[in-house]
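J.: Have a look at this one before I ask anything.
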Amino acid sequence: MNRARLNLLLAIIVLALGAGAWMAKQHKDKPKAALTALAAEGVNKIVVEWPGSPTIQLEKQGAEWLLTAPVKARADRFEAVGATSLASTEVQGTVEGDDIDLKELGLTPPDHTVTLNGVKLEFGGSDPLQSRRYVRVDGVIKLIDDPASAALDKDYADLVSKELFAPAEVLAKIELPGLTLVRDEQGNWAATPSSAIATPQALKTLAGGWKDARSMWNEAAPGDAPPGERVRITTQEGRVTEFIVAATDPQFALYSPVLKVRYQLSKALAEALLKLPEPKPAEAQP
């Protein structure tokens, strides 16, 4: 073979390899189909059903997510929004054929179901090779990566807002063990019983601590209420929230008798939320 022919052959091989690489890249970059036709931002109702557990229901009202079942509470926005992303989860593959064993795939009955705006998703078992989840949507069995959102678990506790009070709520009365704070129309706080350490700044700090309190995580706490001192907080609109001080060590834990949820807060907040801060010593005068 002369040099001209060899160079031509090499050029053809290089072009073929380049075309193959380009086609492979195009195939790789091609967006995969979504699990549903819903846009994640358009989802405003989520229903999660696990056999033997209460139905969990989330609804979006305006810009706020609410937990409407099995209890009524403000929902954790991060968890709720994370659950809506299930609608646009990428499909990694489909299972087709006339001899599909639904029981073997864990779809008869399904492990659990999630309904987004009326679109029902039936979750089955996992593919043993790639650990991807079987999900049946409108009769089609699809494979997806396992969703990470806690909103899809059978435990509703993490769906309850970690903030004890909404940003717009105004606290009007705080009843603590041995101390009651009341806010007047001008926004000033008074303490009963009064004491030398119940200064305006100390009362404001204590009330502000409750307003901004946030748990690190929540736990479901079914059954009877734990023993402990009670805290009652009334908002300006008249809504009363009651907590039981379930623990102060190793974490500060507040139990909600209504929600059956245990809020786990930082241990340091036990002092800040249950007692007036000690006054700072006066600075020495020069």
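The values are calculated or read from the model by the stated rules, or taken from the named source; none is laboratory data. For clarity, every value in this text was computed on a predicted model and none was experimentally measured. All Cβ positions, even for glycine, are placed from backbone atoms using ideal geometry, and neighbour counts span all protein chains on display. Only protein heavy atoms, including side chains, enter the accessible area calculation; ligands, DNA and RNA are left aside. Shrake-Rupley method; radii C 1.70, N 1.55, O 1.52, S 1.80 Å.
J.: With bins 5 Å wide starting at 0, give me the P(r) of region 34-168 over every alpha carbon pair, in whole percents.
T.: In whole percents, the pair-distance histogram is 2, 10, 20, 22, 18, 13, 8, 4, 2, 1, 0, 0.
J.: Moving on to the next point. Working out 0.36 nm times the residue gap between Thr68 and Ser53, then minus their Cα-Cα distance, what length gain in nm do you get to one decimal?
T.: Once the chain is fully extended between Thr68 and Ser53, it gains 3.9 nm.
J.: In angstroms, what radius of gyration and Dmax does region 111-260 have, counting Cα atoms only?
T.: When restricted to the Cα atoms of region 111-260, Rg and Dmax are 22.1, 71 Å.
J.: Given a 1.4 angstrom probe, I'd like the percentage of the accessible area of region 174-226 that is carbon and sulfur, rounded to a whole number.
T.: Solvent-exposed carbon and sulfur of region 174-226 make up 53 percent of the total.
J.: Most mobile of Glu90, Glu49, Glu185 per a Gaussian network model of the chain (Cα springs, under 10 Å)?
T.: In the Gaussian network model the winner is Glu185.
J.: While we're looking at this one, here's another question. How much mean residue ellipticity at 222 nm does the chain get from its helices, if each DSSP H run of length 4 or more adds -39500 (n - 2.57) and you divide by all residues, to the nearest 500 deg cm²/dmol?
T.: So the calculated ellipticity at 222 nm is -6000 deg cm²/dmol.
J.: Please report the relative contact order for the chain, taking Cα pairs under 8 Å with a sequence separation of at least 6, and give it as a percent rounded to a whole number.
T.: For the chain, the relative contact order is 13 percent.
J.: While we're looking at this one, here's another question. Take the residue pairs Lys162/Lys267; Lys45/Lys120; Lys45/Lys211; Lys162/Lys211 and return only those whose Cα atoms are more than 19 Å apart.
T.: Correct reply: Lys45/Lys211.
J.: For region 123-257, calculate the relative contact order in percent as a whole number, restricting contacts to Cα pairs under 8 Å that are 6 or more residues apart.
T.: With pairs under 8 Å counted, the relative contact order is 19 percent.
J.: From the phi of every residue in region 51-63, what ³J(HN,Hα) in whole Hz does the Karplus formula 6.51 cos²θ - 1.76 cosθ + 1.60 yield, where θ is phi - 60° and glycine or proline is x?
T.: x, x, 10, x, 5, 9, 9, 10, 9, 9, 10, x, 9
J.: Something else about it: Can you work out D for the chain in µm² s⁻¹ from Stokes-Einstein, where Rh is the Kirkwood radius over C-alpha pairs, the temperature is 25 °C and the viscosity is 0.890 mPa s?
T.: In µm²/s, the coefficient is 105.
J.: So if I take the centroid of the Cα atoms in region 155-175 and the same for region 46-115, what is the distance between those two points in Å?
T.: A separation of 25 Å, based on Cα centres.
J.: Leaving out ligands, DNA and RNA, and with a 1.4 Å probe, what % of the accessible surface on region 24-145 is carbon or sulfur?
T.: Here it works out to 50 percent.
J.: Write down the accessible area per residue of the chain in Å², having rolled a 1.4 Å probe over the full set of protein chains.
T.: Value for the chain: 60 Å² per residue.
J.: Here is a further query. Any idea what the alpha-carbon Rg over 2.2 N^0.38 Å comes to for region 115-191?
T.: Here the answer is 2.04, to two decimals.
J.: If you take the alpha carbon radius of gyration of region 182-265 and divide it by 2.2 N^0.38 Å, what ratio comes out, to two decimals?
T.: Rg over 2.2 N^0.38 Å, computed on Cα atoms: 1.23.
J.: Could you check which residue among Ala157, Ala73, Ala39 shows the biggest mean-square fluctuation in a GNM of the chain with a 10 Å Cα cutoff?
T.: Ala39
J.: Let me ask you something else. Where does the charge balance sit around Leu179 when Lys and Arg score +1, Asp and Glu -1, over other residues with C-beta under 15 Å from its C-beta?
T.: So the environment of Leu179 carries a net charge of +2.
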